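S.K.: Have a look at this one.
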Amino acid sequence: MDRATLIRRSLPYAGAAAVPAAAGTGMWLWAARGLRGPDGFPTVLAVAGGLVLALVALVAQNALFRKEGGMAALVLLLAGLAAAWVEARDSAVRGAVTDCVVVGEIRVTHHPTFGEGAPPPKTLYHHTLDCAGGHPREFSAEERIAEPGGTVRIAYDPAGRMDPVLERLNTAHGSPVLPAALLVLSTALTVVALAAEGRAEERRD
């Protein structure tokens with residue numbers, strides 16, 4: 001096999017790995033940059049950028065490997081990018097902490113489940129807050145964080161990109177493991193299909 005043929009046959013494999021890897025890395029960096037710190041992007045811009053990046057990746061995958069890997073590889077690619085967004089978001093922490101007093105009555109709402117596979121039923125407690133600096137004004141949780149007149153410490157994002165949380169829960173817990181696994185599976189499907197197509201071409205030759 002001459003060098004030109006070897007390069008020609010190697011390029012699709014390189015592309016099969018490069019598209020998911022580049023898209024996943026780009027999605028993680030974009031989401032993390034858009035949600036962290038006071039200079040992060042507005043929520044609408046961050047989400048729009050993520051959707052554009054996902055669309056470009058899907059178009060590239062479909063154009064380069066229309067038959068190889070098929071729909072399953074596209075679905076796994078999209079799932080991996082969505083997971084990268086969620087995990088990058090969860091790796092961010094709220095940048096501000098404030099002391100708040102629970103004021104007024106705590107409102108309770110019940111959210112039932114809707115059949116098998118649906119999220120479990122839950123009860124939410126809606127607290128009205130009087131915080132130093134005036135923000136946040138409301139806080140909802142699956143528990144009473146304090147009785148009326150009680151004080152709590154709330155962590156929040158001054159730009160409003162993330163919901164406030166109790167200060168003790170303001171920790172980074174996002175992990176790249178799940179998105180990486182999904183993107184690797186997408187790559188593997190395409191690589192296996194490329195190899196099968198290569199063997200078929202050799203038999204035809």
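S.K.: Select from segment 88-105 the residues that are among the hydrophobic types (A, V, I, L, M, F, W, C) and more than 24 Å from Arg144 (Cα to Cα) and write down the one among them that is surrounded by the fewest Cβ atoms within 10 Å (Cβ to Cβ).
M.R.: Among residues in segment 88-105 that are among the hydrophobic types (A, V, I, L, M, F, W, C) and more than 24 Å from Arg144 (Cα to Cα), the one surrounded by the fewest Cβ atoms within 10 Å (Cβ to Cβ) is Ala92.
S.K.: Could you please tell me which pairs satisfy a Cβ distance under 7 Å, a separation of 6+ or placement on different chains, a first residue in segment 176-195 that is part of a helix (DSSP H, G or I), and a second residue that is of a type in the set (Phe, Trp, Tyr)?
M.R.: Between residues of segment 176-195 that are part of a helix (DSSP H, G or I) and residues that are of a type in the set (Phe, Trp, Tyr), the close pairs are Thr190/Phe65; Val191/Tyr13; Leu194/Tyr13.
S.K.: Another one. Among the residues of segment 134-153, are any open to solvent by 70 Å² or more (accessible area, probe 1.4 Å) and of a type in the set (S, T, N, Q)?
M.R.: For segment 134-153, residues open to solvent by 70 Å² or more (accessible area, probe 1.4 Å) and of a type in the set (S, T, N, Q): present.
S.K.: Then there is this: Do the conditions hold for Ala155, that is, is it small (Gly, Ala, Ser), modelled with pLDDT of 90 or more and within 19 Å of Leu77 (Cβ to Cβ)?
M.R.: Spelling it out, it is not the case that Ala155 is small (Gly, Ala, Ser), modelled with pLDDT of 90 or more and within 19 Å of Leu77 (Cβ to Cβ).
S.K.: Taking the options Leu64, Leu55, Leu78, Leu74, name whichever one is at pLDDT below 90, among the hydrophobic types (A, V, I, L, M, F, W, C) and open to solvent by 40 Å² or more (accessible area, probe 1.4 Å).
M.R.: From the options Leu64, Leu55, Leu78, Leu74, the qualifying one is Leu64.
The values are calculated or read from the model by the stated rules, or taken from the named source; none is laboratory data. Because the structure is predicted, anything quoted here is derived from the model rather than measured. Note that we place each Cβ from the backbone using ideal geometry, even for glycine, and neighbour counts take in every protein chain shown. The area values use the complete protein model at the heavy-atom level, side chains included, leaving out ligands, DNA and RNA. Shrake-Rupley method; radii C 1.70, N 1.55, O 1.52, S 1.80 Å.
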